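The values are calculated or read from the model by the stated rules, or taken from the named source; none is laboratory data. Remember, predicted model here, so these are calculated numbers, not experimental data. With ideal geometry, Cβ positions are generated from the backbone for all residues, glycine too; neighbour counts draw on all protein chains shown. These area figures cover heavy atoms from the full protein model, side chains too; ligands, DNA and RNA do not enter into them. Shrake-Rupley method; radii C 1.70, N 1.55, O 1.52, S 1.80 Å.
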Amino acid sequence: QQASRRGIHVHWAHTAEQHNQIVLDILNHHNVRRVVKSKSMLTEECHLNPFLEQQGLEVVDTDLGERIVQLRREPPSHIVLPAIHIKKQEVGETFHEHLGTDEGAADPTYLTEAARAHLRSKFLAADAGITGVNFAVAETGGFVVCTNEGNADIGISLPKLHIACMGIEKLIPRAEDLAVFTRLLARNATGQPITTYTSHCHGPPPGGE
């Protein structure tokens with residue numbers, strides 16, 4: 001009720017297959033061909049990326065670790081640090097093959113800058129952004145996305161269409177409960193007091209959906 005009042009379209013799925021079909025139907029309705037995604041465990045569990053790619057869509061993971069494993073055609077190895085199993089030299093080889101970086105380059109700063117330039121072009125060309133949801137607040141109808149890279153914010157802000165995929169377990173009652181849960185999330189994920197970006201979404205911008 002609260003989300004709908006904010007202009008958010010709420011869809012319900014009982015299975016992974018239903019979830020993926022709903023996402024595809026929305027994208028097709030908007031003639032989307034290029035999608036940027038932030039990290040989402042739900043879409044990983046539902047195998048959304050390969051499903052959309054089979055339908056001819058370009059899907060780009062924008063979390064740096066997720067992008068590395070996506071380019072390598074590997075599954076993430078960790079819920080928070082998806083590329084922790086990959087050495088910087090291996091990242092350098094991957095980026096040389098796919099992004100055209102210097103052969104043998106393994107400096108993390110150089111590789112990160114290359115990834116930033118690569119992803120920026122993908123953000124600017126995207127027709128839609130897909131994110132996960134860390135918390136949804138029943139009281140307000142808004143939801144929260146937590147990242148350390150800010151990539152979800154760009155993926156939400158630049159395209160006109162934003163699809164947020166969440167499991168029902170992400171629902172919390174009130175805005176004041178967020179203080180407890182955001183601390184719990186960050187401490188148990190990375191040991192941080194709070195994530196670098198804690199972004200609150202309360203409906204589409206003018207002209208967006």
Please give the length that would be gained between D25 and S121 if that part of the chain were fully extended, namely 0.36 nm times their separation in residues minus their C-alpha to C-alpha distance (nm, one decimal).
32.0 nm
Which of D153, D107, D127 moves most in a GNM of the chain, Cα contacts under 10 Å?
D107
Taking the Cα centre of the chain as origin, sum charge times position over the Cβ atoms of Lys and Arg (+1) and Asp and Glu (-1), and report the length of that vector in debye to the nearest 20.
500 debye
For the stretch 86-201, what proportion of DSSP beta bridges, expressed in % and rounded to the nearest 5, is antiparallel?
55 percent
Have a look at I68, G56, H85 and report the one farthest towards the positive end of the charge dipole of the stretch 33-109, computed about the Cα centre with Cβ charges (Lys/Arg +1, Asp/Glu -1).
G56
Taking Cα pairs under 8 Å and at least six residues apart, what relative contact order does the stretch 91-147 come out at, in percent?
20 percent
Report the paramagnetic label zone for L81: residues of the stretch 175-197 whose backbone N is under 15 Å from a point 7 Å from Cα along the Cα-to-Cβ axis.
187-192
Plugging the Cβ-Cβ distance of H98 and E53 into 1/(1 + (r/R0)^6) at R0 = 25 Å yields, to the nearest 0.05, a FRET efficiency of 0.95
Could you tell me which residue out of A105, M41, A13 lies farthest along the dipole of the chain toward its positive end? Charges go on the beta carbon: Lys and Arg +1, Asp and Glu -1, centred on the Cα centre.
A13
Quick calc: nm separation of the 7 Å Cα→Cβ label points for A179 and V10 -> 2.6 nm
Taking the Cα centre of the stretch 1-84 as origin and charging only Cβ (+1 Lys, Arg; -1 Asp, Glu), how large is the dipole, in debye to the nearest 20?
320 debye
Efficiency of FRET from Cβ geometry, K88 and A138, R₀ 35 Å, rounded to 0.05:
0.20
Residue-level accessible surface for C146, protein heavy atoms, 1.4 Å, Å²:
20 Å²
Per residue, how large is the accessible surface of the chain? Use a 1.4 angstrom probe and give square angstrom.
55 Å²
Given R₀ = 25 Å, what would the calculated FRET efficiency be for R73 paired with E45, taking r from the Cβ atoms and rounding to 0.05?
0.85
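Relative contact order of the stretch 81-209: what whole-number percent is it, with Cα pairs under 8 angstrom and at least 6 residues apart?
Numbers: 165 pairs, mean separation 29.7, N = 129.
Once divided by the residue count of the stretch 81-209, the mean separation gives 23 percent.
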Please build a GNM for the chain, connecting alpha carbons under 10 Å apart, and tell me which residue among Q21, Q70, Q54 fluctuates the most.
Q54
So in the chain, what percent of DSSP beta bridges are antiparallel if you round to the nearest 5?
35 percent
For Q2 and L171, extending 7 Å from Cα along the Cα-Cβ vector and measuring point to point gives, in nm, a value of 1.1 nm
Considering only protein heavy atoms and a probe of 1.4 Å, how much of the accessible area of the chain is carbon and sulfur, as a whole percent?
53 percent
